[in-house]
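For reference, the structure discussed in these notes is given below.
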Amino acid sequence: MIQMFFLLLVFNPLLFLSEFSSGVNNETLVLIIIILSVLLLIVLGYELLRFLRSRNSGFLSIFFRKIQLSVHLDKDRLFYPKVLTLTIRNTGNQVVDISAPVLEYKKIWSKRKFKLNGVSGQQIYPLLLDPGKTHRLPIETATFQQYDSEIKSYYWARIYVSDVEGRKWKSNDVKLRKSLIT
């Protein structure tokens, strides 16, 4: 008899469970389900705690870290600006490691993106920005128009900034020229 139950367990575990549970009443099955659910919740909680601890050095520091950036894009003229100025201000209470921002030119249905690495050939990103500090980057539009002359016909520009950990911020839209819809 024991060999038959062992063979059922090895080759067909569902059939073994049905043979085993034929003599068990409903209250016992509900109790088994509750115990297994509690064990599953304990294991999931433990794994969640382990994941959160490995991600940051302090477990509760996740809730008190305040990383906020204010990203603003200005232009020097009303239409067809020659210089766009990116201003990033750290308004949070933690140091932020900023990766290279992305300048996006937009038309109605088309977009063109450029990654800004630095000023005059010097790499300045990734950049550490302390709390309360401001970073300004002048962007000359002529360099992008030399690269692609079609950019003169784009209507709006925007900057996307992200930090090394993956959080993202975007600036305001800057109107570059008049269009029929704006």
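The values are calculated or read from the model by the stated rules, or taken from the named source; none is laboratory data. A quick note: this is a predicted structure, and the numbers were derived from the prediction, not measured. Note: ideal-geometry Cβ built from the backbone for every residue, glycine included; neighbour counts use all protein chains shown. Remember, those area values only see protein heavy atoms, side chains included, never the ligands or the DNA or RNA. Shrake-Rupley method; radii C 1.70, N 1.55, O 1.52, S 1.80 Å.
A few points about this structure:
- Scanning region 153-176 for residues being closer than 13 Å to S99 by Cβ and either at pLDDT below 90 or open to solvent by less than 40 Å² (accessible area, probe 1.4 Å) (or both) gives a total of 8.
- Filtered residues of region 86-108 (kept if assigned to a strand (DSSP E or B), open to solvent by 10 Å² or more (accessible area, probe 1.4 Å) and hydrophobic (A, V, I, L, M, F, W, C)): V102
- For region 117-152, the set of residues classified as over 14 Å from V83 (Cα atoms), open to solvent by less than 80 Å² (accessible area, probe 1.4 Å), outside any helix (DSSP H, G or I) and not small (G, A, S) consists of N117, I124, Y125, L127, L129, D130, P131, T134, H135, D148, listed by residue number.
- Across region 153-168, the number of residues qualifying as of a type in the set (G, A, S) and assigned to a loop (DSSP other than H, G, I, E, B) comes to 1.
- Residue that is touching a helix residue (DSSP H, G or I) at 6+ places or on another chain (Cβ under 8 Å) and modelled with pLDDT of 90 or more, where the choices are V83, V71: V83
- The set of residues in region 90-119 that are more than 19 Å from the chain's Cα centre (by Cα) and either within 17 Å of K175 (Cα to Cα) or modelled with pLDDT of 95 or more (or both) comprises Y105, K106, K107, I108, W109, S110, K111, R112.
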